[in-house]
Amino acid sequence: AALLVAVVLLAGPLRAPAPVYTVVLQAPGEAASPGWRVTVSADGDLQLTPLVTGQYAADRSVQFWTLENDAPGPRSLGLVEPGRTLVIPAHRVGGVESGQLFELTLEPQGGSPKDRPTGPVLFIGRAVEI
């Protein structure tokens, strides 16, 4: 028993595994179908995977955004190439929580000229812990 107590004390407190999240990004509207899937691993890395292919004008960019539940405004996660998977490391993603908003918007070439979305929302969804 003493050996077991010593091992537990040396190993430190048991930690619950980090949560894993998923998001299904859908086009706005009632009969929207899934367009992209976001997965956030237990390590915090994010993968954005296309479920549809899309074509956009050459003078436009698709930009990926997130809005944490208590944040004053959205934060850009970068530009997206339609039809291509994007992986973002945990240090760029930041913390993710249930209900956190993710969206893709259509912006001028090179991305939004402001620190917030300026174009129409193409796909939107909220994080769910799995």
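The values are calculated or read from the model by the stated rules, or taken from the named source; none is laboratory data. If you're wondering where the values come from, they're calculated on a predicted model, not measured in any experiment. Glycine gets a Cβ as well: all are built from the backbone with ideal geometry, and neighbour counts include every protein chain shown.
Output yes when any residue across the stretch 63-73 is among the β-branched types (Val, Ile, Thr), assigned to a strand (DSSP E or B) and touching a Lys or Arg at 6+ places or on another chain (Cβ under 8 Å), and no when none is. Yes, the stretch 63-73 contains a residue that is among the β-branched types (Val, Ile, Thr), assigned to a strand (DSSP E or B) and touching a Lys or Arg at 6+ places or on another chain (Cβ under 8 Å). Count of the stretch 99-130 residues, restricted to those that are more than 15 Å from Val23 (Cα to Cα), buried (at least 16 other Cβ atoms within 10 Å of the Cβ) and charged (D, E, K, R), is 1.
Residues in the stretch 36-46 that are over 14 Å from Val23 (Cα atoms) and without any contact (Cβ under 8 Å) to a residue 40 or more places away in the chain: Ala42 alone. Can you pull out every residue in the stretch 47-62 that is assigned to a loop (DSSP other than H, G, I, E, B) and either touching a residue at least 24 places away in the same chain (Cβ under 8 Å) or touching a Ser or Thr at 6+ places or on another chain (Cβ under 7 Å) (or both)? Once the filter is applied, which keeps residues that are assigned to a loop (DSSP other than H, G, I, E, B) and either touching a residue at least 24 places away in the same chain (Cβ under 8 Å) or touching a Ser or Thr at 6+ places or on another chain (Cβ under 7 Å) (or both), the stretch 47-62 yields Thr53, Gly54, Gln55, Tyr56, Ala58, Asp59.
In the stretch 115-130, the residues that are farther than 19 Å from Ser61 by Cα form Cβ pairs under 7 Å with partners that are part of a strand (DSSP E or B) and among the hydroxyl-bearing types (Ser, Thr, Tyr), at six or more places apart or across chains, as follows: Ala127/Tyr21; Val128/Tyr21; Val128/Thr22; Glu129/Tyr21; Ile130/Tyr21; Ile130/Thr22. Residue selection: Val40 fails the criterion of being of a type in the set (A, V, I, L, M), at pLDDT below 95 and surrounded by 11 or more Cβ atoms within 10 Å (Cβ to Cβ). Among the candidates Gly78, Gly73, the residue that is of a type in the set (Gly, Ala, Ser) and out of contact with any Phe, Trp or Tyr (no Cβ under 7 Å at 6 or more places or on another chain) is uniquely Gly73. Taking each residue of the stretch 88-104 that is part of a loop (DSSP other than H, G, I, E, B) and looking for partners that are β-branched (Val, Ile, Thr) and buried (at least 16 other Cβ atoms within 10 Å of the Cβ) with beta-carbon atoms closer than 6 Å, six or more apart or interchain, yields Val96/Val40. Taken over the stretch 74-87, the residue count meeting the criterion of being in a strand (DSSP E or B), within 19 Å of Gly119 (Cα to Cα) and out of contact with any Gly (no Cβ under 6 Å at 6 or more places or on another chain) is 5.
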